[in-house]
Amino acid sequence: MDTSPKAKIERDGYKEPLLALGLEPSADFKHYTVMLNEAVDALCVPENSDKIFVDATLGGGGHSALIASRLSNKGRLISFDVDTDAIKAAQKKLESFKNVTIVNDSYANIKENLEKLGIEKITGGIIFDLGASYHQLTKAERGFSFTKEAKLDMRFNQEQEFSAWDVVNKYKEDELVRIFSEYGEERFSKRIARAIVENRPLNTTSQLSELIVNVTPKIKSKIHPATRVFQALRIEVNSELLNFENTLNEVVTLLNAGAIISVISFHSLEDRLTKRAFKNFALECRCDRTKPKCECEGKLLEIITKKPIMASENEIKENPPSRSAKLRVAKRVAAKGEKI
């Protein structure tokens with residue numbers, strides 16, 4: 001029987017595939033890597049690849065570890081994260097790989113950091129695994145969860161001063177309505193925002209959660225009444241959608257022709273941004289229609305996934321939050337006049 005890491009991963013499937021690489025999960029940083037094999041396979045990382053790959057969202061290091069296991073000594077992986085807890089856990093998981101560079105910074109600054117490392121182009125591909133990690137959502141003191149008593153926080157980057165407390169206690173009512181509606185798609189945004197302003201200061205997750213429960217109608221739903229508001233606050237605090245949209249538009253130009261971009265999203269806003277950006281870069285021309293001739297680079301992406309890839313039934317049983325994950329994949333193609 002073939003006992004190589006690759007064979008073990010293929011044989012075991014999604015379940016604990018990193019154990020096949022001898023990589024034990026950190027006891028103090030719990031993180032389930034969603035669609036591990038699907039997302040990395042989508043990057044088309046061959047065995048002993050000498051190309052450059054980027055993991056824009058290191059998290060628990062699952063995707064990074066699997067990518068790194070397929071690289072040759074000449075291959076390279078650059079992994080980004082702003083969460084120092086995630087980095088500490090991932091460093092242990094990745095310490096045996098000598099060609100991995102972990103950058104403690106936001107993926108919004110990918111271009112600047114790659115330049116510092118002397119990298120002009122991403123020759124292999126890039127992966128985004130968006131949203132908060134299991135560790136962030138379940139560690140009480142991080143203030144992400146309405147089920148755990150904590151200060152209103154929700155910062156991915158713990159050195160950042162701006163937190164959920166600032167949004168809840170300093171934003172004007174109409175600003176709260178906007179973010180709850182846009183980022184949380186909350187149907188009761190107005191009454192929740194009004195109640196927050198009238199009951200300030202709100203200092204803890206439980207205070208905010210209880211307020212939301214008290215001011216919204218009792219309707220049958222599978223999700224807690226505070227779910228959408230907490231999601232909206234997290235997105236606002238960390239500028240998630242803005243950072244992702246800007247980075248997605250920038251990173252396409254950093255990819256070599258043939259390189260892959262793989263995006264895992266967990267809610268409709270991220271997925272729509274991904275779908276729209278992919279479709280835009282797949283157009284033969286993106287110039288203003290009033291221009292007499294095309295002046296843009298032409299088509300830059302070929303969409304690989306016409307419909308998003310979803311987590312398997314087995315994975316959803318193992319990790320229920322996986323049910324909302326969507327994986328979209330595209331390949332960079334040569335621009336007009338671009339040398340391959």
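Normalised by the residues of segment 215-340, what does the relative contact order come to in percent, with Cα pairs under 8 Å and at least six apart? Could the numbers behind the result be given before it?
On the way: 139 pairs, mean separation 37.9, N = 126.
30 percent.
Which residue, 81, 166, 271, tops the fluctuation ranking in a GNM of the chain built on C-alpha contacts under 10 Å?
The residue that fluctuates most here is 166.
Near residue 293, which aspartates and glutamates are there with a Cα under 15 Å away, not counting those fewer than 8 places off in the same chain?
Candidates past the 8-residue exclusion: 284.
In whole angstrom, how far apart do the alpha carbon centroids of segment 219-269 and segment 72-127 sit?
Rounded to whole Å, the Cα centres lie 20 Å apart.
With the chain treated as a Gaussian network of Cα nodes joined by springs under 10 Å, which of 305, 290, 204 yields the largest mean-square fluctuation?
290
Shape verdict for the chain, please, from the Cα gyration tensor: rounded (a/c under 1.5), prolate (a/b greater than b/c) or oblate.
It comes out oblate by the Cα gyration axes.
Determine which aspartates and glutamates satisfy two conditions relative to residue 88: a Cα distance under 20 Å, and not lying fewer than 8 residues away in the same chain.
Here the aspartates and glutamates satisfying the reach criterion relative to residue 88 are 24, 28, 55, 105, 129, 141, 159.
Let me check against my output: what whole-number percent is the relative contact order of the chain, with C-alpha pairs under 8 Å and at least 6 apart?
It rounds to 16 percent for the chain.
Cα axis of helix 173-184 to longest principal axis of the chain: angle in degrees, 0 to 90, nearest 10?
Its long axis makes an angle of about 40 degrees.
Quote to one decimal, in nm, the extra length available between residue 250 and residue 219 on full extension: 0.36 nm per residue of separation minus the C-alpha distance between them.
6.9 nm
Could you please state, rounded to a whole Å, how far the C-alpha centre of segment 157-202 is from the C-alpha centre of segment 285-330?
Rounded to whole Å, the Cα centres lie 31 Å apart.
Only Cα pairs under 8 Å and at least 6 apart count here; give the relative contact order of segment 138-235 as a rounded whole percent.
33 percent
Under a plain spin-label model, where a point goes 7 Å from the Cα along Cα-to-Cβ, how far apart in nm are residue 294 and residue 318?
4.3 nm
Can you tell me the orientation of helix 205-215 relative to the chain, as the angle in degrees between its alpha-carbon axis and the longest Cα principal axis, to the nearest 10?
60 degrees
At a Cα cut-off below 13 Å, give the aspartates and glutamates reachable from residue 51, other chains included and same-chain residues fewer than 8 away excluded.
List returned: 120.
In segment 209-252, whose amide N lies under 13 Å from the spot 7 Å out along Cα-to-Cβ of residue 194? List them in ranges.
Output list for this probe position: 215-217.
Helix-only estimate, please: 222 nm mean residue ellipticity of the chain, summing -39500 (n - 2.57) across DSSP H runs of length 4 or more and dividing by its residues, to the nearest 500.
Result for the chain, helices only: -11000 deg cm²/dmol.
On a 0 to 90° scale, report how tilted helix 227-237 is relative to the longest principal axis of the chain, with both axes built from alpha carbons and the result rounded to the nearest 10.
60 degrees
Rule-based calculations on the coordinates, nothing more; no lab input. Predicted model only: the values in this text are computed from it and were never measured. Neighbour counts are summed over all protein chains in view; Cβ atoms, including those assigned to glycine, are modelled from backbone coordinates with ideal geometry.
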